[in-house]
Every structure is written in C-alpha cells, then in structure tokens.
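Working notes, structure below.
The values are calculated or read from the model by the stated rules, or taken from the named source; none is laboratory data. Note that the structure is a prediction, hence the values are computed from the model and not measured. Cβ sites come from the backbone with ideal geometry, for glycine too, and all protein chains shown count toward neighbours.
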Amino acid sequence: MAGCNDDDACTDDTCDPVLGCSHVPFTGFEAILCRCDQPPPLACLTEVPPESIETGRARACDLIAQAGTDANRSRRLLLHAAQIAKRLQRKAKRAGHGALSPTCSAALEEEFRTLRHLARDYAHSLPRP
C-alpha cells in the first residue's frame with residue numbers, strides 16, 4: 001500500500017487499518033539477493049565510490065548469485081561473499097577519510113555490514129556438504 005511504503009525494496013510493506021503499517025524484512029536467500037539488487041545508498045547519490053569498492057561489491061553479489069544456482073557450493077560461496085563484504089566495510093570506512101563524505105562512507109559501511117551478516121547467517125543455516 002502506498003501509505004505504508006518505507007522505500008526499502010527488501011521489506012514487505014502492509015497496512016492494517018487497526019494495527020497500522022508493517023515493514024517485514026525479507027528473509028533467507030531472497031533477502032541477500034534483494035540487498036545486491038539495491039542502488040547505492042541515497043547518501044551516496046552525488047558521489048562515486050572508489051573503484052575497488054564497486055568491483056568488490058560486484059564480486060560479492062556475483063558469488064551470491066552463483067550460490068543460488070549451485071546447491072553443492074552455496075555455503076562456501078556465501079561465506080566467501082561475506083568475507084568480501086567485511087573487507088568492503090573497512091574500505092568504506094577508510095574512504096570516509098577523503099574519497100567519500102562521512103555520510104556516504106557510513107551508509108556504505110552499513111550496507112556492507114547488512115550484506116555480510118545476511119550472507120554469513122544464511123550460509124551457517126545450510127547443511128555442510
């Protein structure tokens with residue numbers, strides 16, 4: 001419903017006349033894929049992150065996409081993507097000391113922290129091969 005839209009494509013927005021708005025985050029693999037499909041944070045719209053951040057994000061999301069098609073390697077691929085996201089968190093923080101504004105840097109750090117935790121937690125929920 002339009003009145004309950006939280007502008008987060010990774011939540012299911014509903015409106016109940018009695019309870020009000022509800023924004024339930026996607027779970028499981030769908031939540032991870034959704035994070036990869038998001039545009040840059042609003043705080044970064046007028047800035048260009050360093051190329052290493054852009055290529056790292058693309059690599060992590062490629063691994064996540066592969067995990068969705070390769071059940072035998074999905075756990076390992078997701079854990080690798082989580083490691084990349086952890087490195088990207090550090091790169092985003094360092095970029096906030098010159099290459100990016102502190103606001104953009106913090107938004108990217110949060111984006112990569114969320115991606116990292118989603119990928120890691122889902123990977124750990126999968127059976128070991």
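Selection of segment 48-73 for residues being in contact with a Phe, Trp or Tyr (Cβ under 9 Å, 6 or more places away or on another chain), surrounded by 21 or more Cβ atoms within 10 Å (Cβ to Cβ) and under 21 Å from ARG128 (Cα atoms) yields ALA60, ILE64, ALA67.
Could you check how many residues of segment 84-97 are in a helix (DSSP H, G or I) and without any contact (Cβ under 8 Å) to a residue 12 or more places away in the chain?
2
Is one or more of the residues making up segment 41-63 of a type in the set (Asp, Glu), over 14 Å from PHE29 (Cα atoms), out of contact with any Ser or Thr (no Cβ under 7 Å at 6 or more places or on another chain) and without any contact (Cβ under 8 Å) to a residue 12 or more places away in the chain? The answer is yes; a qualifying residue exists. Residue check: is LEU100 assigned to a loop (DSSP other than H, G, I, E, B), surrounded by 17 or more Cβ atoms within 10 Å (Cβ to Cβ) and in contact with a helix residue (DSSP H, G or I) (Cβ under 8 Å, 6 or more places away or on another chain)? So LEU100 passes the test.
Take the conditions among the charged types (D, E, K, R) and more than 18 Å from the chain's Cα centre (by Cα) and apply them to ASP12. Does it pass?
Here the answer is no, as ASP12 does not meet what is asked.
Does HIS80 meet the test of being more than 24 Å from ASP7 (Cα to Cα) and crowded, with 17+ Cβ neighbours inside 10 Å? Criteria met by HIS80.
Conditions tested, residue by residue: (1) modelled with pLDDT under 90; (2) in a helix (DSSP H, G or I); (3) under 12 Å from the mean Cα position of the chain (by Cα).
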position: ASP7; (1), (2), (3): yes, no, no
position: VAL18; (1), (2), (3): yes, no, no
position: PHE29; (1), (2), (3): no, yes, yes
position: ILE32; (1), (2), (3): no, yes, yes
position: ARG35; (1), (2), (3): no, yes, yes
position: GLU47; (1), (2), (3): no, no, no
position: SER52; (1), (2), (3): no, yes, no
position: ARG57; (1), (2), (3): no, yes, yes
position: ALA60; (1), (2), (3): no, yes, yes
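Picking from residues in segment 10-37 that are hydrophobic (A, V, I, L, M, F, W, C) and exposed (fewer than 13 other Cβ atoms within 10 Å of the Cβ), the one that is farthest from LEU63 (Cα to Cα) is VAL18.
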